[in-house]
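The values are calculated or read from the model by the stated rules, or taken from the named source; none is laboratory data. In this text the structure is predicted, and so the values were computed from the model without any measurement. Heads up, the Cβs are rebuilt from the backbone with ideal geometry, glycines too, and the neighbour counts pull from every protein chain shown. These area figures cover heavy atoms from the full protein model, side chains too; ligands, DNA and RNA do not enter into them. Shrake-Rupley method; radii C 1.70, N 1.55, O 1.52, S 1.80 Å.
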Amino acid sequence: MAVCARLCGVGQSRRCRRRPRQNQQDRGSDSDMDEEEEERIVGQRRGDAGCGGEAPESGGGVVETAGPSRVHCSGADSRLHGVGLPHPQALSELPPELLVEIFSLLPGTALPNVALVCKTFRQILNTETIWRRRCMEEFHMKEDVRKMEVGGVSCRDLYVKLLHPYRHILGLWQPDIGPYGGLLNVVVDGLFIIGWMYLPPHDPRVEDPMRRRPLFRIHMWDSKKATVECMYGHKGPHKGDIQTVKKDEFSTKCNQTDHHRMPGGRQEEFRTWLEEEWGRTLEEIFHEHMQELILMKFIYTSQYDNCLTYRRIYLPPAMPSDLTQPGLFKGTYGSHGLEIIMLSFHRNSARATKLTGDPNVPAGQLTLDIDLSQPLILPDLEHQRNIEELSRLVLGVHEQVQREARGDAAAPVRVPAKGACSEADGVEANNGVDSDGCQAGPSGGTGPPEIQPFILPLGVMARNEVYPRTCRKCFYGTGLIAGHGFTSPERTPGLFVLFDEDRFGFIWLELKSFSLYSRLTDRLAHAHAPNMERFEAMLRNMQSWTS
């Protein structure tokens, strides 16, 4: 079995360590052979018997083969089954059920090379058990596999004709829709691969679940081939196409755009789109500027109903030192409604990158940059209500950071607002409370408390009147603002407020506006970055797409 295990490439025999001999009589057993003796026997067997059949061509295989397999098998040599050698000496001599189990452990991309070895292997690879396991382990299919088999589609056809050819489009993607961007999640769902466009909740209900709309699907109703269908419009599925542009990029094309049109023309299409996008009619939106923005978005995005290009995006890797779990959040952006951002951590900073955007700050841009080395402790509630006091606290840190960036030799003096205290301030504890009303830490200092009361300053606009009244931590940060068309972009100081694991906020001091963000809790498969380097490279590429 040692020779067999080495041929399989599995088990403890891969490195072939010689077992300790119990006595001198065991030296002749197969399991205790030296590596040199095993190699000699394998060579003899290769010379005595060839493969069980000629290697067939790889037509119809999962992927193109990289070359003939190095695994060799011997024919039905009677000497191998004799009394002197009771154990199989070649992989092909193993029982079929054991070969099925071995092949089931191999990745699907390796099976075409196995099929090239001999006719026996090729016949065994027709076993459904092997492909069922590949579908379940590589594409997380469980109950869907059983339903599919009842429908008459084999696991082998599903893997070879659908799952493997389109595996490269599974995961998260950002559509190239100018400044608006988007979030597409391509998943396996039974006999289908479906591309779901994720839409934020209706403004301003930021804590509501995400909405989904199918853009395309690939199915196996006909077991002979996979069929691509466009799902856009209101007339049902119709013919479409998917093309791979380059690595981490693909495009979709609709072949029947008449299915996207409505009998009532563009006005009916706009009314339907507005109800889906905003959950209201244009007459219910009284703000004239908001009406202009909505109409502009409809005109721009409707140009992309024929063909769209998508670029791969990753979820940020999580580290034990992260302030909170990184991931995707929905946030309020004034007249632009709700947008999707990605929160990630990079040593001493937290960054929020837009996945959906607007004509002012487009998708792909760094909307928030939080300095985690600059924590702030809020003043008491009475002083929090005063926007001037909060601005004085934040702007003091802003000036200090700018001076350090310029390399000024003189260290600035940070002046806290009334009622505010920072970690560097030394105050004497008086029954746990200092003279300015700041709560002292356990050691008598003024370390940040576990929970701080929070209230928005008067005059700060918030689309969400219901927001948390306590927070865990606050930090200095900057937010990106720009004119229409991303003109004159500028980073302005603000306050980052972490409420809990799933919510945070940002006060834009210059705009006197508050944005509330809530976590996107949907399970997203095939979406995590392989490493931090790939993720950071993706972020740089995202910014270049819309710069």
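Could you tell me how many of the residues in segment 238-288 are closer than 17 Å to Met197 by Cβ and hydroxyl-bearing (Ser, Thr, Tyr)?
3
Counting only residues that are acidic (Asp, Glu) and in contact (Cβ under 8 Å) with a residue 12 or more places away in the chain, how many does segment 289-336 have?
Initially, segment 289-336 is screened for residues acidic (Asp, Glu), giving 292, 305, 322.
With the extra rule that they be in contact (Cβ under 8 Å) with a residue 12 or more places away in the chain, the set shrinks to 305, 322.
Qualifying residue count for the region: 2.
Quickly run through segment 247-265 and pick out the residues that are farther than 17 Å from Pro237 by Cβ and surrounded by fewer than 13 Cβ atoms within 10 Å (Cβ to Cβ).
Listed by number, the residues that qualify are Lys247, Pro263, Gly264, Gly265.
Restrict the check to segment 212-229 and report whether at least one residue is open to solvent by 70 Å² or more (accessible area, probe 1.4 Å) and of a type in the set (Phe, Trp, Tyr).
Taking every residue of segment 212-229 in turn, at least one turns out to be open to solvent by 70 Å² or more (accessible area, probe 1.4 Å) and of a type in the set (Phe, Trp, Tyr).
Is one or more of the residues making up segment 448-460 under 23 Å from Leu381 (Cα atoms), part of a loop (DSSP other than H, G, I, E, B), open to solvent by less than 30 Å² (accessible area, probe 1.4 Å) and in contact with a Cys (Cβ under 8 Å, 6 or more places away or on another chain)?
yes
Please work out which one of (1) modelled with pLDDT of 90 or more; (2) touching a strand residue (DSSP E or B) at 6+ places or on another chain (Cβ under 9 Å); (3) part of a loop (DSSP other than H, G, I, E, B); (4) open to solvent by 10 Å² or more (accessible area, probe 1.4 Å) is the condition Gly233 fails and give its number.
For Gly233, the exception is condition (1).
So if I check each of Tyr300, Tyr314, Tyr310, Tyr304, which one is open to solvent by 70 Å² or more (accessible area, probe 1.4 Å), under 29 Å from the mean Cα position of the chain (by Cα) and not polar (S, T, N, Q)? Lay out the reasoning, then the answer.
Values: Tyr314 fails: open to solvent by 70 Å² or more (accessible area, probe 1.4 Å); Tyr310 fails: open to solvent by 70 Å² or more (accessible area, probe 1.4 Å); Tyr304 fails: open to solvent by 70 Å² or more (accessible area, probe 1.4 Å).
Criteria check complete, one pass: Tyr300.
Could you pull out the residue among Arg503, Arg491, Arg463 that is open to solvent by 20 Å² or more (accessible area, probe 1.4 Å), more than 22 Å from Asp203 (Cβ to Cβ), of a type in the set (Lys, Arg) and touching a residue at least 24 places away in the same chain (Cβ under 8 Å)?
Working: Arg503 fails: more than 22 Å from Asp203 (Cβ to Cβ); Arg463 fails: more than 22 Å from Asp203 (Cβ to Cβ).
Sole residue among the options that is open to solvent by 20 Å² or more (accessible area, probe 1.4 Å), more than 22 Å from Asp203 (Cβ to Cβ), of a type in the set (Lys, Arg) and touching a residue at least 24 places away in the same chain (Cβ under 8 Å): Arg491.
Anything in segment 168-197 that is under 12 Å from the mean Cα position of the chain (by Cα) and among the aromatic types (Phe, Trp, Tyr)? List them, or say none.
Start the filter on segment 168-197 by keeping residues that are under 12 Å from the mean Cα position of the chain (by Cα), which leaves 170-174, 183-187.
Residue satisfying the conditions is Trp173 alone.
For segment 352-387, enumerate the residues that are open to solvent by 40 Å² or more (accessible area, probe 1.4 Å) and either closer than 24 Å to Ser335 by Cβ or without any contact (Cβ under 8 Å) to a residue 24 or more places away in the chain (or both).
Once the filter is applied, which keeps residues that are open to solvent by 40 Å² or more (accessible area, probe 1.4 Å) and either closer than 24 Å to Ser335 by Cβ or without any contact (Cβ under 8 Å) to a residue 24 or more places away in the chain (or both), segment 352-387 yields only Asp369.
Find the residue count for segment 213-230, including only residues that are of a type in the set (A, V, I, L, M, F, W, C) and assigned to a loop (DSSP other than H, G, I, E, B).
Qualifying residue count for the region: 3.
Which residue, of Leu516, Leu509, Leu520, is surrounded by 19 or more Cβ atoms within 10 Å (Cβ to Cβ) and over 23 Å from the mean Cα position of the chain (by Cα)?
Details: Leu516 fails: over 23 Å from the mean Cα position of the chain (by Cα); Leu520 fails: over 23 Å from the mean Cα position of the chain (by Cα).
Just one listed residue meets the conditions, Leu509.
To keep it simple, each residue is scored yes or no on (1) of a type in the set (Gly, Ala, Ser); (2) outside any strand (DSSP E or B); (3) over 20 Å from Gly357 (Cβ atoms).
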position	(1), (2), (3)
Cys474	no, no, yes
Ala482	yes, no, no
Glu490	no, no, no
Phe506	no, no, no
Phe514	no, no, no
Thr521	no, yes, yes
Ala525	yes, yes, yes
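Which residue out of Leu105, Leu99, Leu85, Leu91 is modelled with pLDDT of 65 or more, open to solvent by 40 Å² or more (accessible area, probe 1.4 Å) and among the aliphatic types (A, V, I, L, M)? Talk me through it step by step, then tell me what you get.
Working: Leu99 fails: open to solvent by 40 Å² or more (accessible area, probe 1.4 Å); Leu85 fails: modelled with pLDDT of 65 or more; Leu91 fails: open to solvent by 40 Å² or more (accessible area, probe 1.4 Å).
Residue meeting the stated conditions: Leu105.
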